[in-house]
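Below is one structure, written out as structure tokens, with a few remarks after it.
The values are calculated or read from the model by the stated rules, or taken from the named source; none is laboratory data. Predicted model only: the values in this text are computed from it and were never measured. Cβ sites come from the backbone with ideal geometry, for glycine too, and all protein chains shown count toward neighbours.
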Amino acid sequence: MPRGRVASFAAVVSLALALVLSACAPVSEEGTPSSVVSQAGGGADADHADEEGGGQTDGQADPEQETTRTGPVAQYGGPAYGDQGTAEVLEDGAWCKTLAVFWGGDQPVPAGVSFTFETAVVSPGGLTVESAVCGTRNADRACLGLTVAADEDGIFCSLLLRPDDAFADGTTITFTGTLDCPTSEVCDQVAARKVDPGPPIVVNDPDGS
């Protein structure tokens, strides 16, 4: 074949080959070859990252919440308490109630544990309870705000009571407070103890009126 025809034939073949290769490449909307993009957080790779702990979490638990329990004293294995008799009259409209406080239960209380009596819950009402040391029955500290450590026992504390017009005999007092522990496991151990806190404190008018 003459050289001119060979050169012309080669040019045609090259052009045809270029057109074929161009047609095989994926084309983007702008007409240029597109590339494969991996979206962060999507697909099987992201699922695998979550399984390995690389995904988002809800955050760590608050260590302080793990070592405290707040609620009714009996709910978390707190100290038991016993009524020391009829309220004493301090003056008109002011009475004093004395309680004995002690760690009960079927298991000893671990070292480092304490319980704080924070609130007196009165039912049905008609009585205000205040923090005070009062009376003649060996109370040497107020019950409200009292913190009882694991190694303390045989405590006598007192409550200052102020009845109003809605007061009725048989009004009861129970307590809520906070259990503090060295670790969450110790708090669970204390709460699991079998403790009989005794009946609610019953208040009657000491004058009988």
Within the stretch 68-101, tally of residues that are of a type in the set (Ser, Thr, Tyr), touching a strand residue (DSSP E or B) at 6+ places or on another chain (Cβ under 6 Å) and outside any strand (DSSP E or B):
1
Could you check how many residues of the stretch 124-151 are outside any strand (DSSP E or B) and either of a type in the set (Phe, Trp, Tyr) or in contact (Cβ under 8 Å) with a residue 40 or more places away in the chain (or both)?
13
Could you please find all residues in the stretch 160-209 being of a type in the set (D, E, K, R) and either touching a strand residue (DSSP E or B) at 6+ places or on another chain (Cβ under 6 Å) or crowded, with 19+ Cβ neighbours inside 10 Å (or both)?
Arg162, Asp180
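Is it fair to say Gly82 is farther than 14 Å from Leu160 by Cα, of a type in the set (Gly, Ala, Ser) and more than 27 Å from the chain's Cα centre (by Cα)?
Considered against the rule, which asks whether it is farther than 14 Å from Leu160 by Cα, of a type in the set (Gly, Ala, Ser) and more than 27 Å from the chain's Cα centre (by Cα), Gly82 comes out as yes.
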Residue by residue through the stretch 158-209, note down the ones that are in a loop (DSSP other than H, G, I, E, B), polar (S, T, N, Q) and modelled with pLDDT under 95.
Ser209
Has the stretch 130-144 got any residue that is in contact with a Phe, Trp or Tyr (Cβ under 9 Å, 6 or more places away or on another chain), farther than 13 Å from Lys97 by Cα, at pLDDT 95 or above and among the small types (Gly, Ala, Ser)?
no
